[in-house]
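**Q** The structure's right below; bear with me while I get my questions together.
All of the numbers you see were taken from the coordinates with simple rules; none came from a lab. The structure displayed is predicted, hence computed values, not measured ones. Virtual Cβ from ideal backbone geometry, glycine too; neighbours counted across all protein chains shown.
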Amino acid sequence: MSSSPYSTVLVGTDGSDSSFRAVDRAALIARDAGATLLLACAYRPMSAREVQDAQDALGGESYKVSGSTPAEDVLRDAADRAKGLGATDVDIIAVEGDPVDELIELVKVRGVDLLVVGNRGLNSLAGRLLGSVPANISHRAACDVLIVHTTGKGARK
């Protein structure tokens, strides 16, 4: 049995290389702690205009989602990465809504001990003026937060 204080680790991903670096770090922590790893992807449904554009691109055919959604594809890729790094108890969650709000809600609902996010957005002008996902999460989360350096010089690959 692990002496780690973490039994449930949550990481958000959008499928970007940067977010997958955070997934990798969360997977290693979950592996070493013997913790459950929750992989979450927040998404917004397509607007009516986006559906119409997709139909137009298909020559007027109905736009139908077959198989899986992009969020589920991202989560499957993230789960494969995590399992490849030794995480054994991995759960994927696609949620509709704002990434910050949904991650904070998952912390509450799933009893998360550690929330892992990438640092992307912390050093941008928009991030400083409007707030970034990692900054907002660090202020709102009711658990430990690990902000992984995933971009720029010094980011682990």
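**Q** Using a cut-off of under 12 Å, list every residue of the range 23-38 whose amide N is near the label point 7 Å from the Cα of residue 91 along the Cα-to-beta-carbon line.
**A** 36-38, by backbone N distance to the label point.
**Q** How many nm separate the modelled label positions at residue 140 and residue 73, each set 7 Å beyond the Cα in the direction of the Cβ?
**A** It is 2.8 nm.
**Q** Kindly put 7, 132 in sequence by how many other C-beta atoms sit within 10 Å of each C-beta, fewest to most.
**A** Fewest-to-most Cβ neighbours within 10 Å comes out as 7, 132.
**Q** Name the long-range amide H neighbours of residue 42: under 5 Å, sequence gap of 5 or more, or other chain; modelled H, no Pro or chain starts.
**A** Correct list: 13, 95.
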